[in-house]
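S.K.: The structure's right below; bear with me while I get my questions together.
Taken together, the values in this text are just the output of simple stated rules run on the coordinates, not laboratory data. As the structure is a prediction and not an experimental result, all values here were calculated from the model. Every residue, glycine among them, receives a Cβ derived from its backbone with ideal geometry; neighbour counts consider all protein chains shown.
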Ligand SMILES: Nc1ncnc2c1ncn2[C@@H]1O[C@H](COP(=O)(O)OP(=O)(O)O)[C@@H](O)[C@H]1O
Ligand SMILES: [Mg+2]
């Protein structure tokens with residue numbers, strides 16, 4: 001008997017995923033496969049359910065129905081800290097930093113995953129030198145772009161295998177967005193798979209390998225960046 005050919009498990013497999021807020025269902029049976037490696041873009045208008053989807057995947061919001069497998073492992077109902085130990089890291093919508101903590105103390109928050117603060121700081125400040133010179137400064141006194149950089153730096157410090165980005169670019173100048181995504185690309189080169197939610201498609205589609213479009217709780221298109229440009233053009237989402 002020959003051994004079966006070893007096909008790698010996808011990084012994420014969702015089947016019939018539903019989620020609700022109280023009695024109101026907002027994800028209506030999402031089927032989605034995110035392959036391992038590269039960046040998968042999840043696009044769609046405000047209210048489509050993109051943030052809810054990421055929060056469900058990260059274990060922060062309950063699964064109503066359906067299944068989630070990450071790297072071949074069934075994880076529906078797993079606690080967020082268990083998923084974090086498996087390398088799942090969510091950078092949430094808005095500035096994911098604590099404004100009243102210093103840069104160093106914001107980084108201290110990921111030491112529970114095992115690395116020491118000095119190791120984390122050394123790694124982060126090598127990659128993000130602008131943060132190192134201000135390690136005692138309160139995060140709330142940084143510019144919006146610097147705060148997002150700190151949030152991304154903290155995510156990078158956990159060496160995630162699966163990074164979930166929720167609207168990384170919101171409210172930031174194009175040059176800042178480019179810098180942030182350059183760091184994301186560097187992370188991908190080290191083997192991290194990225195699932196990036198964006199309402200506006202342009203920057204993320206330049207580096208995406210594939211993606212999907214969500215509208216009102218359903219996936220309405222999946223494909224290559226070129227396919228998605230076409231789908232988005234039909235939705236007046238400003239893909240260009
Ligand atoms: N905390 C909440 N309580 C009730 N409804 C919510 C809550 N958060 C989001 N929703 C609703 O769920 C739907 C999906 O929202 P969301 O996941 O934030 O979409 P997106 O990120 O695509 O803008 C929307 O209809 C929104 O109004
Ligand atoms: Mg959102």
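S.K.: With a cut-off of 8 Å between alpha carbons and a minimum separation of six or more residues, what is the relative contact order of the chain in percent?
M.R.: Contact order relative to length: 26 percent.
S.K.: Tell me the label-point distance for the pair residue 179, residue 227, using the 7 Å Cα-to-Cβ offset, in nm and rounded to one decimal.
M.R.: The modelled label-to-label distance comes out at 3.6 nm.
S.K.: Further question on the same structure: With r defined as the distance between the Cβ atoms of residue 93 and residue 118 and R0 fixed at 22 Å, what FRET efficiency is calculated, to the nearest 0.05?
M.R.: Working from the Cβ atoms, E equals 0.10.
S.K.: Right, another one. I'd like the FRET efficiency for residue 143 and residue 46, computed as 1/(1 + (r/R0)^6) with the beta carbon distance as r and R0 of 25 Å, rounded to 0.05.
M.R.: Efficiency, rounded to the nearest 0.05: 0.55.
S.K.: With label points built 7 Å along Cα→Cβ from the Cα atoms of residue 85 and residue 111, find their separation and express it in nm.
M.R.: 2.0 nm
S.K.: Oh, and also: Mind telling me which of 218, 55, 85 comes out most flexible in a GNM of the chain, alpha-carbon contacts under 10 Å?
M.R.: 85
S.K.: Please arrange 181, 21 by how many other C-beta atoms lie within 10 Å of their C-beta, fewest to most.
M.R.: Going from sparsest to densest Cβ surroundings: 21, 181.
S.K.: Here's a follow-up. Rg to Rh for the chain: what is it, with Cα atoms only and Rh by Kirkwood?
M.R.: 0.97
S.K.: Now for a different question. What's the FRET efficiency of residue 20 with residue 100 using the Cβ-Cβ distance as r and R₀ = 30 Å, to the nearest 0.05?
M.R.: 0.35
S.K.: Counting each DSSP H run of 4 or more residues in the chain as -39500 (n - 2.57), what helix-only mean residue ellipticity at 222 nm follows after dividing by all residues, to the nearest 500 deg cm²/dmol?
M.R.: -9500 deg cm²/dmol
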